[in-house]
Amino acid sequence: MSHDSHGEEVKARVVLAPGAVLTEDELIAWCRETMAGHNYPRRVEFLDTLPMNATGKILKRQPRNAP
């Protein structure tokens, strides 16, 4: 995700386990406590599934370029 002054900004794309409940604010707060200041996500997007190829590997570049 682009950022005006920093070039890029960290955004997490998360798939929750069935029955799990978590808010964007809760996840960001936990990340701020456990990660370095430049690593924690500023935004979180919850997805049903991550995009994968035919062998089951996560397509890392697809989410980055997606809106």
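None of the figures in this text is laboratory data; all of them are computed from the coordinates on show. Treat the numbers as computed from the prediction; the structure is a model and nothing was measured. Note that each Cβ is placed from the backbone with ideal geometry, even for glycine, and that neighbours are counted across all protein chains shown.
Among residues other than E45 with Cβ under 9 Å from its Cβ, the summed charge is +2 (Lys and Arg +1, Asp and Glu -1).
Pairs of Cα atoms nearer than 8 Å and 6+ residues apart set the relative contact order; for the stretch 12-57 it is 54 percent.
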